[in-house]
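Novice: If you scroll down you'll find the structure; I have some questions about it.
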Amino acid sequence: RDGLNAIVLEWAVGKTLKEWIALAHGMKHLPAHELRGNTVPQITTDFGYENAVFLAREISNTLAELHDSGYCHNKFAAENVIVHVNKHDGSFVVKIIDLGLASPIDRRDHNSGCARNDLISLGAALFELFL
């Protein structure tokens, strides 16, 4: 519209990876300050090793897509990954959120720690998932 600038963001529906990790480890409640919204996440079936492996692969691929596009997250953590279960086929949809600190990857500097830090943070999140 007539000179109006706006930023449009997708509304990502689902639970954070941190919430999924808590559910996978059988925790019924998370501290209130760690919940998105007003409800305590619930799960009715066993999370299972296969689901954890699938999520790990999807999250890794999503982070790789971000890096391939020339950016690193700089604040990657389990609470910055949204996992949504498709109601129709039960598949997982993974979204990386909170890209406010994302920065371009300097392709000329192969020693840049930006992407490396994302990968270390990914490893820490996945370690929690498989713990």
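The values are calculated or read from the model by the stated rules, or taken from the named source; none is laboratory data. The shown structure was predicted, so the numbers you read here are calculated from the model rather than taken from an experiment. Cβ atoms come from the backbone with ideal geometry, glycine included; neighbour counts cover every protein chain shown.
Novice: How about region 39-89: which of its residues are in a loop (DSSP other than H, G, I, E, B), of a type in the set (F, W, Y) and modelled with pLDDT under 90?
Specialist: If the condition is that a residue be in a loop (DSSP other than H, G, I, E, B), of a type in the set (F, W, Y) and modelled with pLDDT under 90, then F47 is the only one that fits.
Novice: Moving on. Which residue, of A125, A115, is modelled with pLDDT of 85 or more and closer than 22 Å to E10 by Cβ?
Specialist: Details: A115 fails: closer than 22 Å to E10 by Cβ.
Answer to the check: A125.
Novice: Is there a residue in region 60-68 that is crowded, with 18+ Cβ neighbours inside 10 Å and more than 17 Å from K18 (Cα to Cα)? If you could, list the steps in order and put the result at the bottom.
Specialist: Just the residues of region 60-68 that are crowded, with 18+ Cβ neighbours inside 10 Å, to begin with: 63, 66.
Next, only the ones that are more than 17 Å from K18 (Cα to Cα) stay: 66.
Yes - at least one qualifying residue is present in region 60-68.
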